[in-house]
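Here the structure comes first, spelled out in structure tokens, and everything after it is commentary.
The values are calculated or read from the model by the stated rules, or taken from the named source; none is laboratory data. Since the structure is predicted, the reported quantities are computational estimates derived from the model, not experimental observations. With ideal geometry, Cβ positions are generated from the backbone for all residues, glycine too; neighbour counts draw on all protein chains shown. Remember, those area values only see protein heavy atoms, side chains included, never the ligands or the DNA or RNA. Shrake-Rupley method; radii C 1.70, N 1.55, O 1.52, S 1.80 Å.
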Amino acid sequence: MREALGLDLLNPNHYLQILNSLTDRMAFVFLLCEEKATAMKVDADQFEERLYDSPQRDGVSTEASLAFIQETEDFFLKLGQKALAAIARKSIESMKSGKAKVDEMIASGQFDSLLQKAQDEMDALLPPSVGSGSSNSQPSQESTGSH
């Protein structure tokens, strides 16, 4: 898998990248299932589509991602890599806690309120005509040829 993705699970920097990227985790999940997927004539894109959340498959990608991280924890423990195993365990706990909190905030409407507040703050920071040059600017001495 290291050759296929260019990411080494035993390299702490690579592992942190994987933990921070759902895309990277799903790529590893596919590689772990690739033989069975190929036998079922399912390519990487079709596999990915099957992981998308929908009303019928709510949370499938999250569960697959968490299962992968759990497997990495077990893998690290077998190799005596206690620090990486601890990072995996903490990541699982954090992801579950974060998902529960976000789900709660979405259900209560708090999430939408926070997004609107952030948008309002960004709008207040940016002038209304961002990107349009000022027509009142004077040419610089360099552009007029004066020295």
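Annotations
- Between region 58-80 and region 12-49, the C-alpha centres lie 12 angstrom from each other.
- For peptides 16-22, 86-92, sequence by mean Cβ density within 10 Å, most packed first: 86-92, 16-22
- Within straight-line reach of Lys117, meaning a Cα separation under 28 Å, sit the following lysines at least 8 residues removed in sequence or on another chain: Lys96, Lys99, Lys101.
- Counting Lys and Arg as +1 and Asp and Glu as -1 over every other residue whose Cβ lies under 15 Å from the Cβ of Cys33, the net charge comes to -4.
- Nearest-10 value in Å² for the accessible area of Met122, using the 1.4 Å probe: 100 Å²
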